[in-house]
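So the structure is just underneath, and the comments pick up after that.
The values are calculated or read from the model by the stated rules, or taken from the named source; none is laboratory data. Remember, predicted model here, so these are calculated numbers, not experimental data. FYI the Cβ positions are ideal-geometry reconstructions off the backbone, even for glycines, and counts take in every protein chain you see.
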Amino acid sequence: MDTSSTGGRLDNDGDITSVMGFSGFGKKARTFDLDAIFEQTRRTAIERSRQVLDDRQKEMEAPGECSTYVPIQKDTEKASRKEDINSSSSDFKLVGPLPQQRDSNQVEEDDLVGPPFPFGDEGGTTQSDSEDDEEEEIDEDTPVKRIPDTHEITLQHGTKTVSAMALDPSGARLVTGGYDFDVRFWDFAGMDRALQAFRSLQPCDCHQIRALQYSITGDRILVVSGNAQAKVLDRDGFNVMECIKGDQYIVDMVNTKGHTAMLNDGCWHPKLKEEFMTCSNDGTVRTWDVKSEKNHKSVFKPRSVQGKKVTPTCCTYSRDGKLIAAGCQDGTIQIWDRNLSVHTKFHCRQAHTPGSDVSRLSFSYDGTVLASRGGDDTLKIWDIRNFRKPLHMAGGLTNYFAMTDCCFSPDDQLVVTGTSVKKDEGSGKLVFFDRKTFEQVYEIEVTNASVVRCLWHPKLNQIMVGTGNGLAKVYYDPIKSHRGAKLCVVKSKIKEKHAEALTQEYVITPHALPMFREARQRSTRKQLEKDRLDPKKSHKPEPPVSGPGRGGRVAAHGGTLSSFIVKNIALDKTDDSNAREAILRHAKEASENPYWVAPAYKKTQPNPVFAEDSEEDEETNKEPEWKKRKI
């Protein structure tokens, strides 16, 4: 075979296809003529718009009105491209359409898909209708219109203050804690209209619940109570870990492994699922790791101007988890870098009135603004980049609780807090402030008690409120809110199951003979009620002694064993002062009618045989051999 001639043939694609026996190496990608597609779309839009405008012009001129509208003449050949996208070269193939590239010299007539002037569209919308739609859109964009407060449900936690509240990240479960030491679990998907908690427990015995929060994964719950040891529970309420208690006789709190006084607040790290933070009356803010319960991770010590110890009343992480903020009992706000626990990064000495507790700190979602709720009846927002003076301040917001909340709306445009009232002196309110102007834009009257806790969940778009009379209210909107309370309000109450089922089928035969009739079947419930009245079937115990005891006697004679014995002894008239006579009184009856030993030998030994003493023994006065004592 001539290799040179073969090689010459293989140089051409046609020769290769003929030798190999196929027409090509696979399918080629489909190509599109983009210029033709764009030009066809533009012409269709122009023709549609022109036809609509002509129809409108005819309608307006029909009753004799004068129309001043002149249609715009468009040169369809004017639009051109500078680049030829679809190259004729076989080396470059386009697969699918590319995004449209606008030419700077091209006339903006490509944008004319609808009518150029607001006379309307094919549906008949006029200019006034479009203006109304714009006004509605503007109204809907205002933050007040986004507040979900059209509907509400009430969850009965107890009779005392709901001092803690938490929602898991998905919004499926709500946890409430209060001054009654109880922690209740609410499942929105599992509840019906009865709105009952599916679990209630007291994780910290007889200590008030100060704070609750779900971890970022939603599988653990941090419980901060009035004792010195915080607890971590799992999703179902079982204990995961308990922080160690420190040595209260050590002066330097850095050298102790845990808190030595009552806890005030706590929260989870927003990025690390294993880390959480607590603050206590011992003057420290400590971070912990769930895997290491025997010691804390780091300690932050707030200080006053004189360098003395200050009690932190609330603490929180920034949204990115890099900063740790604490509100103190002297009205100061101190912020540390999470990795530097010695000196503060931001410090405001006169944040609130000296001596007033800061009840809550909350970072905005953008991380640049901090809101603080003070015990001096004020709400302030701060720019942490300029921490010397507040951006805005609102006063007259009564605060009687050390854990009154404040939070931001999910869109970061509103700041929300609650107000406190004395008993029977008004209603607690949920107040909304605009973040930019800090004007009060809205308020909700919750109940005739203080509003302590408030949460605005970003996924559910629902507001949870904890009050001073043991209620937890959920505000929602059927259109703007999602899941949450909407899942349980549509379910009907589960009916109680009655045991009223027949045990077997009962056939009624009224004309049958008596010997073939079946007994009338009774329902199980009626039979149980009848058996309950029967003391034997119900195993009714003997009733206790009735009536008070008098004169040293307990009820009537014979009511108890002791009284029965006393009664029989008193009725026995026999005199047992002479013991020998009392025993010999029964000798005759025992010999005639033996009962214990003699009846056993009646058949074999009718006449008893007794051993007789020998004469030698009587003379020597010796005991017989059988009487001798065995040693």
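Among the numbered conditions (1) surrounded by 17 or more Cβ atoms within 10 Å (Cβ to Cβ); (2) over 17 Å from the mean Cα position of the chain (by Cα), the only one that V183 does not meet is (2). Just to be sure, is K380 touching a residue at least 12 places away in the same chain (Cβ under 8 Å), among the charged types (D, E, K, R) and assigned to a strand (DSSP E or B)? When the stated conditions are applied, K380 passes them. Taken as a whole, the stretch 254-261 holds at least one residue that is of a type in the set (G, A, S) and either touching a strand residue (DSSP E or B) at 6+ places or on another chain (Cβ under 6 Å) or over 24 Å from Q350 (Cα atoms) (or both).
Scanning the stretch 357-400 for residues that are out of contact with any His (no Cβ under 8 Å at 6 or more places or on another chain), surrounded by fewer than 20 Cβ atoms within 10 Å (Cβ to Cβ) and within 15 Å of T313 (Cα to Cα) yields one hit, Y400. Look through the stretch 243-260, keep the residues that are of a type in the set (A, V, I, L, M, F, W, C) and surrounded by 17 or more Cβ atoms within 10 Å (Cβ to Cβ), and return whichever of them is nearest to the chain's Cα centre (by Cα). So, considering only residues that are of a type in the set (A, V, I, L, M, F, W, C) and surrounded by 17 or more Cβ atoms within 10 Å (Cβ to Cβ), the one nearest to the chain's Cα centre (by Cα) is C243. Looking across the stretch 262-295, just one residue is touching a strand residue (DSSP E or B) at 6+ places or on another chain (Cβ under 7 Å) and modelled with pLDDT under 90, and that is E293. Inside the stretch 445-454, residues that are part of a strand (DSSP E or B) and either buried (at least 21 other Cβ atoms within 10 Å of the Cβ) or charged (D, E, K, R) (or both) make up a count of 6. Has the stretch 429-437 got any residue that is in contact with a Ser or Thr (Cβ under 7 Å, 6 or more places away or on another chain) and either of a type in the set (S, T, N, Q) or surrounded by 14 or more Cβ atoms within 10 Å (Cβ to Cβ) (or both)? Yes; the residues of the stretch 429-437 include at least one that is in contact with a Ser or Thr (Cβ under 7 Å, 6 or more places away or on another chain) and either of a type in the set (S, T, N, Q) or surrounded by 14 or more Cβ atoms within 10 Å (Cβ to Cβ) (or both).
Matching residues to (1) surrounded by 19 or more Cβ atoms within 10 Å (Cβ to Cβ); (2) among the small types (G, A, S); (3) closer than 21 Å to C488 by Cα:
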position: Q196; (1), (2), (3): no, no, yes
position: I216; (1), (2), (3): no, no, no
position: R220; (1), (2), (3): yes, no, no
position: D236; (1), (2), (3): no, no, yes
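Within the stretch 406-422, being in a loop (DSSP other than H, G, I, E, B) and polar (S, T, N, Q) holds for S409, Q413, T419, S420. Listed conditions (1) closer than 20 Å to Q208 by Cα; (2) surrounded by fewer than 21 Cβ atoms within 10 Å (Cβ to Cβ) are all met by G266, apart from (2).
Within the stretch 551-586, restricting attention to residues that are in a loop (DSSP other than H, G, I, E, B) and among the small types (G, A, S), the residue that is modelled with the highest pLDDT is S577. When the stretch 244-258 is filtered for residues that are out of contact with any Ser or Thr (no Cβ under 6 Å at 6 or more places or on another chain), over 13 Å from N227 (Cβ atoms) and either in contact (Cβ under 8 Å) with a residue 40 or more places away in the chain or outside any loop (DSSP other than H, G, I, E, B) (or both), the ones remaining, listed by number, are V254, N255.
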